[in-house]
Each structure stands twice: as C-alpha cells, then as structure tokens.
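What follows is one structure encoded as structure tokens, with my remarks underneath.
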Amino acid sequence: MIGKNPAPVTCLDLNRYGMAVLCPRPLEPGTRLLMDFEGKYISESRVCARVIECHPFQTGYRVSVQFSYCLNKKGYSRAVDNALSRIEGFYNRFAN
C-alpha cells in the first residue's frame, strides 16, 4: 500500500472487486488507499481502494478493502478491471 505511511502487506484473499490483506497496523474503515501489486508476473500501480473493515488477526490486522474502480459507472476503468482480473487469475492458480 502506498500513501502517507506506506506499508507492505500480505494478500490473504483476492478477487477483482476487493481483497483481504494482513497489515502490520490497523486502518480505519473508510480510509482511502493506493495499492501497488508487485510479483513475478504481476505489476499494477496506484490502484485506488477503500478500507471496509479491520480486525486483529495473527501478527497484525486483517484489513478488507474494496477496489474503487467498481463502485460506480463514472469511476469504472476497463484497464484496471482487466489488470485486476489477470491478478485474480494468478492468485487463484498459485493459492490452490
């Protein structure tokens, strides 16, 4: 995640509409985020998201986020949708 206080997070679950991450610090619901996805076959930067909920989990906090591009027609981006669909496909292949 990027922003005022960037923090690396670990993906717990993902689909093209949102994701759950393990974060080292709590985030308030409603907080807006910019997320970077980096991996061997993945690179997508500055994906806008919003925190839906946050709970203590394992060694940090489970933060559920919803990607902003799919919240309304005016903000929809086919490029972001396609990129997140590809990332979801990689995630599903490697998570199983």
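The values are calculated or read from the model by the stated rules, or taken from the named source; none is laboratory data. All figures in this text were calculated on a predicted structure; none of them were measured in a lab. So basically every Cβ, Gly included, is an ideal-geometry build from the backbone, and we count neighbours across all protein chains shown. Remember, those area values only see protein heavy atoms, side chains included, never the ligands or the DNA or RNA. Shrake-Rupley method; radii C 1.70, N 1.55, O 1.52, S 1.80 Å.
Of note:
- Residues in the stretch 60-81 that are open to solvent by 40 Å² or more (accessible area, probe 1.4 Å) and in contact (Cβ under 8 Å) with a residue 40 or more places away in the chain: 62, 66, 70.
- Among the residues of the stretch 72-88, those identified as among the small types (Gly, Ala, Ser) and part of a helix (DSSP H, G or I) are 75, 79, 83, 85.
- Looking across the stretch 82-94 at every residue that is over 13 Å from the mean Cα position of the chain (by Cα) and touching a residue at least 40 places away in the same chain (Cβ under 8 Å), the one that is most open to solvent (accessible area, probe 1.4 Å) is identified as 86.
- Residue in the stretch 25-35 that is of a type outside the set (S, T, N, Q) and touching a residue at least 40 places away in the same chain (Cβ under 8 Å) present: no
- Verdict on residue 43 being among the polar types (S, T, N, Q), under 22 Å from residue 95 (Cβ atoms) and more than 9 Å from the chain's Cα centre (by Cα): yes
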